[in-house]
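The values are calculated or read from the model by the stated rules, or taken from the named source; none is laboratory data. Fair warning: this is a prediction, and the values are worked out from it, not measured in the lab. For neighbour counting, all protein chains shown are included, and Cβ atoms are generated from backbone atoms with ideal geometry for every residue, glycine included.
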Amino acid sequence: MGRWYERVYRRGVIDMHITDHDPRFLSQVGPEEYAARLAEARVGSAVVYAHSHVGLCYFPTKTGKLHGGLQGRDLFGELVDRCHERGIAVVAYLSAIFDTHAYQANADWRIIDVNGNEASANSRYGICCPNAPYREYIATLAREVCAGYRVEGVRFDMTFWPRVCYCRHCRERFACETGADLPTVIDWQDPAWVAFQRKREEWLVDFARLLTSTVKSVNTALSVEHQASTYAAGWTLGVTHRLAEQCDFLQGDFYGDALQGSFVRKLFHNLSPNRPPGFETCISVDLANYLVLKPKELLRAKAAAAMGDACAFIFIDSIDPAGTLNPAVYERMGEVFAEVEPFEQHLGGELCQDVGVYLSTESKCDFADNGKHVDGPGLSGSLPHVEAALGACKALIEAHIPFGVITRTNLGDLTRHRLVILPNVLMMDEQEAEAFREYVRQGGGLYASAGTSLVTTDGRRQADFLLADVFGTSLAGETRERFTYIEPVPGHEDLLEGYTVSHPLGIPGPQLIVQMRKGAEVLGRLALPYTDPADPHRFASIHNNPPGVRTEHPAIVLNGFGEGRSIYVTTDLERLDAHRPAFLALLRSLCDRFTFEADAPKCVEFTLLHQPDRQRYLLSLVNFQRDLPNLPVHDIRVRVRLGKAIRRVVELPDERPCNWCHSADSVEVTVEPLETLRMYALEYG
């Protein structure tokens, strides 16, 4: 089927992590029913299990252990054949790190925690270290599958570090490569600790490279994917943008809200080596409660949102231990896929991204954890940079501003964005700093917040921002107070609408103290409470910490740099809902015109994709309300500025005429009542 993933937007996964201690397990599995159910759900590809987290195989293996309930049967081969008979592409599933059988059989392969204990003790999951000889074991198993079966691709699931490992293999490799012992205390401003984290990230990519190259050595046409839900997850997992290089496309499972889905699809659009990427979720309310299905309205909204981002949609079901499937799952997914299938022929193109939100995969940590023991109590569980990035995306979605999520991979293409947002990027190196500096110098707009560029990616705290010249500020310190304020400077009250010098904007956290550089302009200043909020005995008000100390310290700074401009804020305004009007006002002060704007409620997300080969733009509207089913939205008007003469606008998938008109510099489309998804082609040929 060649590059099957370029054509298949409807995909399915049937989880099959089944033990074999009970003879009833998998005794009723039927390959014909398995394939028939997938066909009923209208899927074009299926992830079929060759090997599971339990570590058991579903084919007669020379490397691993066959599931005992199969009694020598080649279930995997039967499933592959039945799926192919129905035109369904097959991706073979192998568990990359979780393997209970290998864990139990080989004590030397186990991940060991900082206290010397087996990390998987008393757990259903046996987790093996990718630095142990296990790496050769799973690579050999992958080679066996690829050489023995006609599949279209391979998925390696769980390619990440479930825990920080201190096994002998990790200790020996770190000592060999650095000459040092493994550190046990977290400190993101200690090069020794950060060196360990960077090695963990490097080792994970090396492990993925081994698995990918093993598959490609058997058949270069096979697709390879490493489960991709972890790019915005915390530092412990060790996943960075470099893992994407070992994939043909990105696909991951997510269980959050509409914001999470939009964020990761925008990230995948820019990071995936090929498109479309895949957005995956379970059809049940969660993986544990697998028999209670999500409402059809929720599945419809998630599938529609994937279509709006030109992304494949994948559902996950779980097989019953006996091997049977729930018919209701496939009936429901078949109905949902029947609704979105007609749009597939129209998908593709380059996402319009006036704003690029930068995700630093080296900054997925919290400096508040510095000095704490690995796996010790009191770890924050917070990811300030990721949370600020998500907050920025939420603001952009609700304001109907076209955006994308970018990483280091995209540094060479920053000029496609009118604005770039650096949301409290905790760690940055000179390469990144120079890319952003050159972007602004050439005329770009930059918004940066809080600690952006103060600590290098190798853990060195700088005396000043790497981007101090771009920001127009220099670091002078940090407030002792943990509740602070920003007051507008006279003449710029519109940027902090509703706030004044006497009633400034409250910030539930500290702020950096900065000094102005020549030529910069102050838009807002730091204000402090009457007393230190940490003092429980001396205070102004028992319930709050009112502003009482004005300062001359800048809090919002506008700076011209080369042909462009930057705004730096001493806190991450974008992180909290209440501060986002101010955040958006600052963005609009840097760029007052975006490619599209709309009169629509916040629950409607717009995307625009350029398809130059078809000489058209694809405009999608997705209504994804918090409480479902959606209430229809009426009287939506979208104005799109393309710089091209539009000859025709039609509604897809049927190319029906719609209500549109030209204005001075844009095309305006009036949308009929929107229930969940509407899509339009704006043709300019």
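Among the residues of region 420-437, is there at least one that is over 24 Å from residue 366 (Cα atoms) and part of a loop (DSSP other than H, G, I, E, B)? No, there is no match, as no residue in region 420-437 is over 24 Å from residue 366 (Cα atoms) and part of a loop (DSSP other than H, G, I, E, B). Considering only residues that are charged (D, E, K, R) and surrounded by fewer than 15 Cβ atoms within 10 Å (Cβ to Cβ), which ones fall in region 551-581? Selection gives 552, 563, 577. Candidates in region 144-199 are the residues that are among the aromatic types (Phe, Trp, Tyr) and in a loop (DSSP other than H, G, I, E, B); of these, the one that is farthest from the chain's Cα centre (by Cα) is 149. Inspect region 468-480 for any residue being among the hydroxyl-bearing types (Ser, Thr, Tyr) and over 37 Å from the mean Cα position of the chain (by Cα) and give the result as yes or no. Scanning region 468-480 turns up no residue that is among the hydroxyl-bearing types (Ser, Thr, Tyr) and over 37 Å from the mean Cα position of the chain (by Cα).
Taking the criterion of being in contact with a helix residue (DSSP H, G or I) (Cβ under 7 Å, 6 or more places away or on another chain), closer than 29 Å to residue 331 by Cα and not in a loop (DSSP other than H, G, I, E, B), the only residue of region 50-74 that qualifies is 51. Among the conditions (1) in contact (Cβ under 8 Å) with a residue 60 or more places away in the chain; (2) more than 19 Å from residue 305 (Cα to Cα); (3) touching a strand residue (DSSP E or B) at 6+ places or on another chain (Cβ under 8 Å), the only one that residue 258 does not satisfy is (2).
Look at region 129-157: where a residue is farther than 29 Å from residue 11 by Cα, no partner that is assigned to a loop (DSSP other than H, G, I, E, B) and of a type in the set (Asp, Glu) sits 6+ places away or on another chain with Cβ atoms under 7 Å.
Each residue in region 1-14 was checked for being buried (at least 20 other Cβ atoms within 10 Å of the Cβ) and either assigned to a strand (DSSP E or B) or of a type in the set (Asp, Glu) (or both), and 5 pass. Of all residues in region 526-566, exactly one satisfies the criterion of being in a loop (DSSP other than H, G, I, E, B), in contact with a Lys or Arg (Cβ under 7 Å, 6 or more places away or on another chain) and among the hydrophobic types (A, V, I, L, M, F, W, C), namely 534. Against the test of being closer than 26 Å to residue 336 by Cβ, surrounded by 19 or more Cβ atoms within 10 Å (Cβ to Cβ) and in contact with a helix residue (DSSP H, G or I) (Cβ under 6 Å, 6 or more places away or on another chain), the options 652, 621 yield a single qualifying residue, 652. The set of residues in region 94-119 that are part of a loop (DSSP other than H, G, I, E, B) and surrounded by fewer than 21 Cβ atoms within 10 Å (Cβ to Cβ) comprises 106, 113, 114, 115, 116, 117.
Rundown of residues vs (1) free of Cβ contacts under 8 Å to residues at least 40 places away in the same chain; (2) within 20 Å of residue 605 (Cβ to Cβ), yes/no style:
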position: 310; (1), (2): no, yes
position: 318; (1), (2): no, no
position: 330; (1), (2): no, no
position: 335; (1), (2): yes, no
position: 359; (1), (2): no, yes
position: 401; (1), (2): no, yes
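Would you check if residue 588 is without any contact (Cβ under 8 Å) to a residue 12 or more places away in the chain and either part of a strand (DSSP E or B) or charged (D, E, K, R) (or both)? Yes: the conditions hold for residue 588. How about region 30-44: which of its residues are basic (Lys, Arg) and part of a helix (DSSP H, G or I)? Hit for region 30-44 is 37, nothing else. Taking residue 91, is it outside any loop (DSSP other than H, G, I, E, B) and modelled with pLDDT of 95 or more? Spelling it out, residue 91 is indeed outside any loop (DSSP other than H, G, I, E, B) and modelled with pLDDT of 95 or more.
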